[in-house]
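Worksheet: one structure, shown below.
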Amino acid sequence: MKKHTGEKPFSCNICGYKCIDKSNLWYHMKIHTAEKPFSCHICKYQCIQKSQLQSHMKIHTGEKPFSCNICEYKCIQKSDLQKHMKIHTGEKPFSCNICGYKCIDKSNLWYHMKIHTAEKPFSCDICKYQCIRKSQLQSHMKIHTGEKPFSCNICEYQCVEKRYLQKHMKIHTGKKPFSCNICEYKCVEKSYLQKHMKIHTGKKPFSCNICEYKCIEKSSLQRHMKIHTGEKPFSCNICEYKCIQKSDLQTHMKIHTGEKPFSCHICKYQCIRKIDLQRHMKIHTGEKPFSCHICEYKCIEKSSLQRHMKTHT
């Protein structure tokens, strides 16, 4: 009956947590004491409840007793399946009272609200990194340790998180389940498609307060701002090269190693970047996607067209 009345007679004297029965409070108090009496005999996993350990052991056995009757999704816990089914129904019962954000479960809303409060309770003790979730901090720490526990069984790719490996494997399968209904663009992830659609709408919600630069993503704006601050946090340990992005440094290092991972299947051309190979292939295809609206000039690159346009002015 306490569920119906909303009565929660048991409360924590440390954080104010309230619950219906004494056993829930007993388990809650272990969060404050950090006591985890149940442990896995295969890995280092420890937990508060026996039921949590039983669920965890299914990771090692590979058992996924709950499955979706619409798609191929399978999972360990019934609660995960219930959450998954909301994807098919489109149900998002939890919403933010500040920005209108909606989500499937209460925990996602709880994390979302920290965006508005700017609260980042987890911080790295090596660098200045701070984050909302404990799992984000655990992933971040692997940057410092160099640990990459997930690896591709086809190529030499290694990564910090399982989700990155799952994304990478789609490169080998060629699977691109998300497609644009306006152009022929196809991609691996829904987030990529959402980003792409902004090209068609012309929407650029993030803008620089110093110059007229506008962009689709917050991360792009953060990178752009380093142009104004002059900040170049990534530096080469061989030469004096410094840059804004880690990916630029990784590309630069290939100059020193002589590595050219991208090669043309028609001629002997090899290069460091995928984008350079894509540009090169247009030589063989004869494709010239950029054209002058004044004369008949056509070219492979946008920069070449920009140079050409100056001849008309």
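Quick note: the coordinates plus some simple rules give every number you see, no bench work behind them. Just so it is clear, the structure is predicted and the values come from calculations on it, not from any experiment. FYI the Cβ positions are ideal-geometry reconstructions off the backbone, even for glycines, and counts take in every protein chain you see.
What does the charge count near Lys260 come to, summing +1 for each Lys or Arg and -1 for each Asp or Glu among other residues with Cβ under 14 Å from its Cβ?
Numbers: positive: Lys254, Lys268, Arg273, Lys274; negative: Glu259, Asp276.
For residues surrounding Lys260, the net value is +2.
With contacts defined as alpha carbon pairs under 8 Å and 6 or more residues apart, what's the relative contact order of the stretch 122-200 in percent?
Details: 71 pairs, mean separation 11.0, N = 79.
Taking the mean separation of contacting Cα pairs over the length of the stretch 122-200, I get 14 percent.
With θ set to phi - 60°, apply the Karplus curve 6.51 cos²θ - 1.76 cosθ + 1.60 along the stretch 54-71 and write out the HN-Hα couplings as whole Hz, x wherever there is a Gly or Pro.
Along the stretch 54-71, the couplings run 4, 5, 4, 4, 5, 5, 6, 7, x, 6, 9, x, 10, 9, 7, 8, 10, 10 Hz.
Among rounded, prolate and oblate, which fits the stretch 1-105 when a ≥ b ≥ c are the square roots of the eigenvalues of its C-alpha gyration tensor, a/c under 1.5 means rounded, and a/b larger than b/c means prolate? Walk me through the numbers before you get to the answer.
Numbers: a/c = 2.10, a/b = 1.08, b/c = 1.95.
Oblate is the answer for the stretch 1-105, as a/c is 1.5 or above yet b/c matches or exceeds a/b.
Nearest 10 degrees, 0 to 90: what angle lies between the long axis of helix 162-173 and the longest principal axis of the chain (Cα atoms)?
So the inclination is approximately 40 degrees.
Tell me, what HN-Hα J-couplings in whole Hz come from the Karplus equation 6.51 cos²θ - 1.76 cosθ + 1.60 at θ = phi - 60° for each residue of the stretch 135-150, using x for Gly and Pro?
Per residue, the Karplus-derived 3J(HN,Hα) values read 4, 5, 5, 4, 5, 4, 4, 5, 5, 6, 7, x, 6, 9, x, 10 Hz.
For the chain, take the longest principal axis of its alpha carbons; what is the angle in degrees between that and the long axis of helix 246-257, to the nearest 10 within 0 to 90?
Tilt of helix 246-257: around 60 degrees.
Nearest 10 degrees is fine. How inclined is helix 22-33 to the longest principal axis of the chain, computing both from alpha carbons?
Helix 22-33 sits at roughly 50 degrees to that axis.
What value, in deg cm²/dmol to 500, does the helix sum -39500 (n - 2.57) over DSSP H runs of n ≥ 4 give at 222 nm once divided by the residues of the chain? The partial results should precede the final answer.
Values: 12 runs with 132 residues, N = 313.
Value at 222 nm, helices only, nearest 500: -13000 deg cm²/dmol.
Collect residues whose amide H, placed 1.01 Å from N in the peptide plane, falls under 5 Å from the amide H of Phe122; neighbours closer than 5 in sequence don't count.
Correct list: Cys131.
Counting only C-alpha contacts under 8 Å and six or more residues apart, can you give the relative contact order of the chain as a whole percent?
Values: 309 pairs, mean separation 11.3, N = 313.
4 percent.
Could you tell me the distance between the Cα centroids of the stretch 172-211 and the stretch 23-60, to the nearest Å?
41
Can you bin the stretch 122-200 into rounded, prolate or oblate? Criterion: square roots of the alpha carbon gyration tensor eigenvalues sorted a ≥ b ≥ c, rounded for a/c under 1.5, prolate for a/b above b/c, oblate for the rest.
Working: a/c = 3.74, a/b = 1.58, b/c = 2.37.
Verdict is oblate for the stretch 122-200.
Report which label in (1) 1.02; (2) 0.97; (3) 0.94 holds the value of Rg/Rh (Cα atoms, Kirkwood Rh) derived from the coordinates of this structure.
(1)
Distance cut-off 18 Å, Cα to Cα: go down the list Lys226/Lys246; Lys83/Lys106; Lys50/Lys162 and report the pairs above it.
Values: Lys226/Lys246 13 Å; Lys83/Lys106 11 Å; Lys50/Lys162 25 Å.
Check vs 18 Å cut-off fails for Lys50/Lys162.
Using only the Cα atoms of the stretch 63-165, build the gyration tensor, take square roots of its eigenvalues as a ≥ b ≥ c, and label the shape rounded, prolate or oblate: rounded if a/c is under 1.5, else prolate if a/b is larger than b/c, else oblate.
Working: a/c = 2.70, a/b = 1.11, b/c = 2.43.
Taking the square roots of the gyration eigenvalues as a ≥ b ≥ c, the stretch 63-165 is oblate.
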